[in-house]
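Peer 1: First, the structure itself, so that you have it in front of you.
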Amino acid sequence: MPDKHAFLSPSSAERWYHCNKSAWLCEQFPDLGSVFAAEGTEAHSLCEYLLGVALGRSGLVDPRPGFQYYSDEMEECCQGYVAYVLETVEKLKQKDEESPCVYVEQRVDLRKYIPESMGTSDCIVVGKGEIVVVDFKYGMHRVPATSLQLRIYALGACELFGSLYDFSSVRMVVYQPRIGNVDTAEMSVEELFRWAREELSPRAGFAFRGEGEFAVGEWCRNCRARRQCRALAEDQLAMARFEFQDPPLLSDEEIAEVLSRVDGLISWAEQVRDYALQAALNGKRFAGWKLVEGKSFRKFTNDKVVRARIEVAGFDPYEKKKRSLTAIEQLMGKKEFDNLLSDLVVRQAGKPILVPENDKRPEYVPAKAEFTEINDGCDSAEE
């Protein structure tokens, strides 16, 4: 059997739940990891430490000295997570004089519904009549509170504590500070168990046995087999039926379909190209293609000698410019930056982009934006 920790894990649930056969297909490809995953792991370790300290627990070891990706941003995000958990505890405490119980990095057993599966929930808070499962996300790709990973953690928490505490509902929270996403979803414990029996367990069984179907969707983004998956290739190449017509010649319905697929198509095409390049570097040949040397560039062999010669000739080898806002904030620290410069900082409106209709951001109104820009310009001129 594959590694029990990785196979049908909660973190990959979106994929194997919808695309059952991907579970075994992915076992053919190594998990190469990424800088983003390593950075997220460090952020989770810092969250665990800071929350433990805030809760007054002893024997904790500060993990920051061994970090490779630590930054002021990571510190701020993790401190925000701790503040959110403590605020949640206080709100539950107001419902009952007895303090809620807080479980940090709690191991949950999922084997009743998912074969050979375990998981670790970032934080579980149990109060009177309610259990709250908080999942910290350090990434930039928005994760909703309705994600299968979080729902499965909630299921494990309810199984673990159901006989110890009296609660009838579960609240699931995604805390994702880098993109300002704090999303919440609630459901009754009864509804959660019914979903687990009727939907989760059968699908997990299919995935574990290598049965079911291949299915293409958002979950393909993190699939290890995506570069060579025939189902994904066929789905993406189905766009060819539009024959690359000029956009004005497409119907509104066709444009809507293209918009729903274009990000995935671009990402998939880039992944195929990267895979083909690496394969070619390892000796594989693709019909009609060959490896060549890319555009060359010039560089100095000794920067110190270059600098000395330029200065002797009477020139300044350095280009002086103001640091970016983010760089200045990191240089000064957030507190001093806010005290000294907050009155000189404005947040400009972002460039309009098209997003799915269920996106929680307010809809952009072009006429209103144009009116605002005109008035802003007049105000500036008067000043």
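The values are calculated or read from the model by the stated rules, or taken from the named source; none is laboratory data. Nothing here was measured: the structure is a model prediction, and the numbers come from that model. In this analysis, Cβ positions are derived from the backbone assuming ideal geometry, glycine residues included, and neighbour counts consider all displayed protein chains. Protein only, heavy atoms only, side chains kept; ligands, DNA and RNA dropped before computing areas. Shrake-Rupley method; radii C 1.70, N 1.55, O 1.52, S 1.80 Å.
Peer 1: Which numbered condition trips up V170, out of (1) more than 18 Å from G129 (Cα to Cα); (2) open to solvent by less than 10 Å² (accessible area, probe 1.4 Å)?
Peer 2: Condition not satisfied by V170: (1).
Peer 1: Now for a separate question. Pick out the one residue from Y138, Y69, Y81, Y103 that is open to solvent by less than 20 Å² (accessible area, probe 1.4 Å) and not in a helix (DSSP H, G or I).
Peer 2: Details: Y69 fails: open to solvent by less than 20 Å² (accessible area, probe 1.4 Å); Y81 fails: not in a helix (DSSP H, G or I); Y103 fails: open to solvent by less than 20 Å² (accessible area, probe 1.4 Å).
Sole residue among the options that is open to solvent by less than 20 Å² (accessible area, probe 1.4 Å) and not in a helix (DSSP H, G or I): Y138.
Conditions (1) part of a strand (DSSP E or B); (2) within 21 Å of E105 (Cα to Cα); (3) under 17 Å from the mean Cα position of the chain (by Cα), marked per residue:
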{"position": "Q149", "(1), (2), (3)": "no, yes, yes"}
{"position": "E159", "(1), (2), (3)": "no, yes, no"}
{"position": "S168", "(1), (2), (3)": "yes, no, no"}
{"position": "A207", "(1), (2), (3)": "no, no, no"}
{"position": "E211", "(1), (2), (3)": "no, no, no"}
{"position": "F214", "(1), (2), (3)": "no, no, no"}
{"position": "W219", "(1), (2), (3)": "no, no, yes"}
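Peer 1: Would you please name the residue that is farthest from R203 (Cα to Cα), looking only at residues in the stretch 106-122 that are open to solvent by 20 Å² or more (accessible area, probe 1.4 Å) and outside any loop (DSSP other than H, G, I, E, B)?
Peer 2: Going through the qualifying residues, I end up with Q106.
Peer 1: Also, I was wondering about something else. In the stretch 172-182, how many are touching a Ser or Thr at 6+ places or on another chain (Cβ under 8 Å) and at pLDDT below 95? Steps first, answer last, please.
Peer 2: Of the stretch 172-182, the ones touching a Ser or Thr at 6+ places or on another chain (Cβ under 8 Å) are 172-174.
In the following step, the residues that additionally are at pLDDT below 95 were identified as none.
Matching residues across the stretch 172-182 total 0.
Peer 1: Could you grab me the full set of residues in the stretch 313-357 that are at pLDDT below 85, surrounded by fewer than 10 Cβ atoms within 10 Å (Cβ to Cβ) and of a type in the set (D, E, K, R)?
Peer 2: E319, K320, K321, K322, R347, K351, E357
Peer 1: So which residues in the stretch 73-114 are of a type in the set (D, E) and closer than 30 Å to F193 by Cβ?
Peer 2: Those that are of a type in the set (D, E) and closer than 30 Å to F193 by Cβ: E87, E90, D96, E97, E98, E105, D109.
Peer 1: Let me ask something else. Considering only residues that are free of Cβ contacts under 8 Å to residues at least 24 places away in the same chain and either surrounded by 14 or more Cβ atoms within 10 Å (Cβ to Cβ) or within 26 Å of A225 (Cβ to Cβ) (or both), which ones fall in the stretch 33-62?
Peer 2: G33, S34, A37, T41, S45, Y49 - these are the residues of the stretch 33-62 that are free of Cβ contacts under 8 Å to residues at least 24 places away in the same chain and either surrounded by 14 or more Cβ atoms within 10 Å (Cβ to Cβ) or within 26 Å of A225 (Cβ to Cβ) (or both).
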